[in-house]
1. Restricting the search to region 106-115, which residues are out of contact with any strand residue (DSSP E or B) (no Cβ under 7 Å at 6 or more places or on another chain) and either in contact (Cβ under 8 Å) with a residue 12 or more places away in the chain or assigned to a helix (DSSP H, G or I) (or both)?
2. State the number of residues belonging to region 136-162 that are in contact (Cβ under 8 Å) with a residue 12 or more places away in the chain and closer than 15 Å to residue 5 by Cα.
3. Any residue at all in region 46-58 that's in contact with a helix residue (DSSP H, G or I) (Cβ under 6 Å, 6 or more places away or on another chain) and either at positive phi or at pLDDT 90 or above (or both)?
4. Can you run down the residue pairs with Cβ atoms below 6 Å, 6 or more apart or on separate chains, where the first is in region 121-135 and in the same structural domain as residue 35 (by TED's automatic domain parsing) and the partner is surrounded by fewer than 21 Cβ atoms within 10 Å (Cβ to Cβ) and not in a helix (DSSP H, G or I)?
5. How about region 58-76: which of its residues are assigned to a loop (DSSP other than H, G, I, E, B) and crowded, with 20+ Cβ neighbours inside 10 Å?
6. When you look at residue 96, is it buried (at least 16 other Cβ atoms within 10 Å of the Cβ) and within 30 Å of residue 264 (Cα to Cα), yes or no?
7. Would you check if residue 199 is modelled with pLDDT of 95 or more and surrounded by fewer than 22 Cβ atoms within 10 Å (Cβ to Cβ)?
8. Assigned by TED's automatic domain parsing to the domain that holds residue 350, within 19 Å of residue 196 (Cβ to Cβ) and modelled with pLDDT of 95 or more: does that describe residue 386?
């Protein structure tokens, strides 16, 4: 069975073709600048043959045209991985926000699509793009079943005391104001892999750290989320590439008054001008910060780059400690996503001085563990808490959910 996994953005469309049982990846790619026919392009890779085309220009007016092009590439004799569309069993869509409507992956129906439209206000940048991707698939592959897999669904196991904000309760009742979290598909995958390593799900207490340009931390007990750092939007939680994470909410009107900014301008400041970029003053990319730190005090960016990284370190330590408290213990800490998988320095400074929790990291092994696809145990043998690097695979989760739901519906 082959599943086409689609991740539609406002002007982009990422895709993969996978076999859900084995996890075999056959092809992947991205369509970019959709809607700008002069600039739109595709990068496509046939993984088995290791053949790749990069940045080839094709005019793509909309997502339907982009998906038609994707199908052409998948069927191409040299670049493709299928002989006919009959080999594609179904399409799985990554959806950022399911609001309070969706606590699990769902087979697409007219009713489900209408409910998804009601999630617009929770993710105004993402939801319209997801709908365009879905509609594009319906136009190009009308006979293929489609499944929606929601980033927020894994976090729906949180108790009311974890997801409810101490605001007037009618804001929750009328407008759905609550903690939703994000990156749920990633947290679900790596927590599941960690449970396999531990040999059980019941009784496990895991902190999963999805650290990238966007970052979130989750407390996963018995395979279910007890709490997560992102909130009503992905702005909350720890410092990120350009996002500030948690701040005193009174700073919003304060900045509006002092800087003469509108609400939209403050929102833009917190989402696009803060985090690593705002603190360092020169980059949102952790690799640039690490290079400045490695150069030492002679580098003009050293001091503020070091501060930016230390802020995230400090916050991660606090979350690990807090989540250990609410779970009444800790079996494992998992690092994943771009920074979590490829920044040994951050992993080391987060785990150092954590003897109280029984965390000991193998510094030599950790230092050389980056840019590789395998699960790696980073903790020492005498560490009471296991520390692991587990590469995330959200597309595989989407493919497996899609296959299971379509098979059950037959």
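1. Answer for region 106-115, where residues must be out of contact with any strand residue (DSSP E or B) (no Cβ under 7 Å at 6 or more places or on another chain) and either in contact (Cβ under 8 Å) with a residue 12 or more places away in the chain or assigned to a helix (DSSP H, G or I) (or both): 110, 111, 113, 114, 115.
2. Selection size over region 136-162: 12.
3. yes
4. Cβ pairs passing all conditions: 122/99; 129/9; 129/10.
5. 60
6. So residue 96 passes the test.
7. yes
8. Spelling it out, residue 386 is indeed assigned by TED's automatic domain parsing to the domain that holds residue 350, within 19 Å of residue 196 (Cβ to Cβ) and modelled with pLDDT of 95 or more.
The values are calculated or read from the model by the stated rules, or taken from the named source; none is laboratory data. Predicted, not measured: the structure shown is a model, and the values here were computed from it. As a convention, Cβ positions derive from the backbone with ideal geometry for all residues, glycine included, and neighbour counts pool all protein chains shown.
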